[in-house]
Amino acid sequence: MEIEERNRLRKKQLLYLNLLMLGVALISLVLFSLALDRIFYYSLTALLLISGLLEQRKYKTGTYAWTADMRKLALYEKDVMDDHSFEKERRSQYTSKFFLAVLVLIQSFPARQAEPIMEPGFLWFLVGVFVLLVPFLNVSIVMRAKKVDAGNGYYQEIQRVNWMIFFLFFVVFVFYALAVAFIFNL
């Protein structure tokens, strides 16, 4: 694949993933503010299961993506990465969703049914978390793409970068939470 084509597809991938994150955030905010506890947990479990099943279907059928451009990019990554790393990364995408669905379902058992899951004031805190999270996710996506494009797209290398970014986000999140608690005397 030519460099120009690859860069165009990477930009498209980043745009697509950012739109997906925004959509998930908006749906989550609506569910957080309107849904009762159990309805929220059941809805989130259903979304995770459906997403995991669709991801598994793409993996098992070898389509790897829903659009032609993203499919072309996935096939390029399959060629560049070693088979074990590519397959392991794809498998982890749907197995992690299944695992999260089980955890969310377990979380629903002690949930109350009488009130919304979250107070409206706390939603502003979550909006702040989302604003902090998006740049970290974008950096993670770009760093993963650079590793793959440079021929270092091994699963362990990608996971190491992801864990490093997660740790950095966690530190920033803790400082953000402490600042919010300090400012609002919580």
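Name the residue that is surrounded by the most Cβ atoms within 10 Å (Cβ to Cβ), counting only residues in the range 152-186 that are β-branched (Val, Ile, Thr) and over 21 Å from the mean Cα position of the chain (by Cα).
By that ranking, first place goes to VAL180.
Take the residues of the range 20-47 that are in contact with a strand residue (DSSP E or B) (Cβ under 7 Å, 6 or more places away or on another chain) and in a helix (DSSP H, G or I): which is surrounded by the most Cβ atoms within 10 Å (Cβ to Cβ)?
SER33
If a residue must be within 15 Å of the chain's Cα centre (by Cα) and of a type outside the set (Phe, Trp, Tyr), how many such residues does the range 119-142 contain?
Number satisfying all stated conditions: 12.
Of all residues in the range 77-96, count the ones that are among the hydroxyl-bearing types (Ser, Thr, Tyr) and crowded, with 17+ Cβ neighbours inside 10 Å.
Looking only at that region, the number is 2.
Per-residue answers, yes or no, for (1) at pLDDT 90 or above; (2) under 23 Å from PHE169 (Cα atoms):
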position: SER108; (1), (2): no, no
position: ALA111; (1), (2): no, no
position: GLU119; (1), (2): no, no
position: PHE125; (1), (2): no, yes
position: PRO135; (1), (2): yes, yes
position: ASN138; (1), (2): yes, yes
position: GLY151; (1), (2): no, no
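Of these, SER33, SER51, SER43, which one is over 21 Å from TYR94 (Cα atoms) and touching a residue at least 12 places away in the same chain (Cβ under 8 Å)?
SER33
VAL102: surrounded by fewer than 16 Cβ atoms within 10 Å (Cβ to Cβ) and within 20 Å of SER43 (Cα to Cα), yes or no?
The answer is yes for VAL102.
Within the range 54-64, how many residues are surrounded by 15 or more Cβ atoms within 10 Å (Cβ to Cβ) and assigned to a helix (DSSP H, G or I)?
Of the residues in the range 54-64, 4 are surrounded by 15 or more Cβ atoms within 10 Å (Cβ to Cβ) and assigned to a helix (DSSP H, G or I).
Looking only at the range 90-106, filter to residues that are at pLDDT 85 or above and among the charged types (D, E, K, R); which one of those is farthest from GLN159 (Cα to Cα)?
LYS97
The values are calculated or read from the model by the stated rules, or taken from the named source; none is laboratory data. Quantities reported herein were computed from a predicted structural model and do not represent experimental measurements. No Cβ is skipped: glycine too gets one built from the backbone with ideal geometry, and neighbour counts run over all protein chains shown.
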